[in-house]
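Quick one: structure below, then a few questions.
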Amino acid sequence: MQVVSVEVLAALDSLLWLRTGDRAAAHLCCFQSTVSRHSRRCLQVFDLGMEKRAGEWWLKGDQTLINLERGVHQLLRWRQGHGLRLDSQHWCGHLLATELPGAWTCGNTNYFECERLQELLLCGVIDAWLCSAPDIPDHPDLHIIQLTAMRLGLLVRPGHPLLERGDQLVFADLADYPVLPLPDGAFPRAQRILEELGLWSSPERDRRFQQAAWFGRVPVEELMISFGTPLQQVAGFLDGCVPLPLPLPLLVGEALVLKREFAASTHLHSLLAALLARAAQLASGLGDGEVWLGDQPGLKLSATPLLQ
């Protein structure tokens, strides 16, 4: 079995993870030409090809050997507590991964689906994934730690006509207005619930609001219904939007996902402490009961039953 150095494999995996040579070079503190040279060497050793599809780099060929070596390099990262890689859906990372322990580096934090991050985690390209509930993976090799739980809210711009209905607002009233289009199939569990409530963008819904009296007189963006959480709101991510007084039967939140074999690592505990401290800081500006936080001691999580 041929092997490559830590630096050579890190170049290829950083390119797969961060998507561009300049980001990989900045992460590795080297020149982009070094990333290219090391990546080509790694592909040659393992007899692999690489192609870009939908903005992501994908390897072509039998990845059995490279994954075995990745396992060795990943174990080294966890033992040394150096260069551990975290990534997330875009709102999770920018919300909680603001101050990380020195062992950890955060990636692009701009994924709009789950499958790619799960694949990068399982093959050892990244070491932990901050994901969005309820679309938490169900895989025997992965360890899930629920960090937060809260209800997803419906949001509109100030002055939206739906706000005038106050406590009399019902779901049927929302049909005459557009909802924020989300990537189809990216978060299947959340999508299924929103579809059942009639809150998923579709041609049928578009035809409905296009027949409303306001259509053609007010920009669609002004009357769009979007989604958000209390933590996003207190962090200032929701661009001045206000919540509608209509609770959704959908609990969301953030969870940390990693390989089960590293669940007892002290470097995991330091990461959890930082993420939970940030969540607690944000939640302190909210009312009681709006957000449930995982209990840090012993990694027991009071939020877990809320998402079953």
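Each value in this text was obtained by applying a stated rule to the coordinates, not by laboratory testing. Please read all numbers here as calculations on a predicted model, not as lab measurements. As a convention, Cβ positions derive from the backbone with ideal geometry for all residues, glycine included, and neighbour counts pool all protein chains shown.
Quick one: Karplus J couplings for the range 168-182, per residue in order, coefficients 6.51, -1.76, 1.60, θ = phi - 60°, nearest Hz, x for Gly and Pro?
Going residue by residue, I get 7, 5, 10, 4, 4, 5, 7, 5, 8, 9, x, 10, 4, x, 10 Hz, with x marking Gly and Pro.
What percent does the relative contact order of the range 80-172 come to when contacts are Cα pairs within less than 8 Å and at least six residues apart?
On the way: 88 pairs, mean separation 24.8, N = 93.
That works out to 27 percent.
Based on the mean of other beta carbon atoms within 10 Å per residue, what is the order of 9-19, 191-201, most packed first? Kindly include the intermediate steps, with their values, before the conclusion.
Numbers: 9-19: 23.5, 191-201: 15.8.
Per-residue mean Cβ counts within 10 Å order the peptides as 9-19, 191-201.
For the chain, modelled as a GNM with alpha-carbon contacts under 10 angstrom, which of VAL218, VAL72, VAL257 fluctuates the most?
Of the options given, VAL218 has the highest mean-square fluctuation.
Taking the chain as the reference, fit the longest principal axis to its C-alpha atoms, fit the long axis of helix 6-18 to the helix C-alpha atoms, and give the angle between the two in degrees, 0 to 90, nearest 10.
So the helix axis and the longest Cα principal axis differ by about 20 degrees.
Another question about this same structure. Quick one: 3J(HN,Hα) in Hz for the range 70-77, Karplus 6.51/-1.76/1.60 with θ = phi - 60°, rounded, Gly and Pro as x.
Residue by residue, the range 70-77 yields 4, x, 5, 5, 5, 4, 5, 4 Hz.
So, one more: Search the structure for amide H atoms under 5 Å from the amide H of LEU250, placed 1.01 Å from N in the peptide plane, and list their residues when 5 or more places away or on another chain.
Excluding prolines and chain starts, which carry no amide H, the hits are LEU152.
Counting each pair of different Cα atoms once, what's the Kirkwood radius of the range 1-63 in Å, rounded to one decimal?
Values: mean 1/r = 0.0861 Å⁻¹.
Result for the range 1-63 stands at 11.6 Å.
I've got another one for you. Give the long-range amide H neighbours of SER201: residues separated by 5 or more places, or on another chain, with amide H under 5 Å away, using H modelled in the peptide plane at 1.01 Å from N.
Placed amide hydrogens put LEU182 under 5 Å from SER201.
Kindly express, to the nearest 10 degrees and within the range 0 to 90, the angle between helix 32-45's C-alpha long axis and the longest C-alpha principal axis of the chain.
70
Something else about it: Between the range 210-277 and the range 160-205, how many Å separate their Cα centres?
With the range 210-277 and the range 160-205 each reduced to a Cα centre, they are spaced 15 Å.
Which value, to two decimals, describes the C-alpha radius of gyration of the range 153-249 once divided by 2.2 N^0.38 Å? Walk me through the numbers before you get to the answer.
Details: Rg = 13.2 Å, N = 97, 2.2 N^0.38 = 12.5 Å.
Its radius of gyration relative to the 2.2 N^0.38 Å reference: 1.05.
In whole Å, how far is the Cα centre of the range 111-139 from that of the range 1-49?
21
I want to make sure I understand the PRE zone here: with the label point 7 angstrom from the Cα of THR266 toward its beta carbon, which residues in the range 48-73 have backbone N atoms less than 13 Å away?
None, by backbone N distance to the label point.
Out of all DSSP beta bridges in the chain, what portion is antiparallel? Express it as a percent rounded to 5. Could the numbers behind the result be given before it?
Values: 25 of 34 bridges.
Just about 75 percent of them are antiparallel.
Going by average Cβ neighbours within 10 Å, how do the peptides 236-243, 93-100 rank, with the highest at the top?
Values: 236-243: 13.4, 93-100: 18.8.
Result, highest mean first: 93-100, 236-243.
Taking the Cβ of LEU271 as the center, what net charge do the other residues with Cβ under 12 Å away carry, scoring Lys and Arg +1 and Asp and Glu -1? Write down the numbers at each step before the final one.
Working: positive: ARG85, ARG278; negative: GLU99, ASP127.
Overall, the nearby charge balance is 0.
Same structure again: Roughly speaking, what is the stretch gain from THR105 to ASN67, that is 0.36 nm per residue apart minus the C-alpha to C-alpha distance, in nm to one decimal?
Numbers: separation 38, 0.36 × 38 = 13.68 nm, distance 2.11 nm.
Extra length available between THR105 and ASN67 comes to 11.6 nm.
For the range 1-152, what is the convex hull volume of the alpha-carbon atoms per residue, in Å³?
Numbers: hull volume 18.8 nm³, N = 152.
Each residue corresponds to 124 Å³ of Cα convex hull volume.
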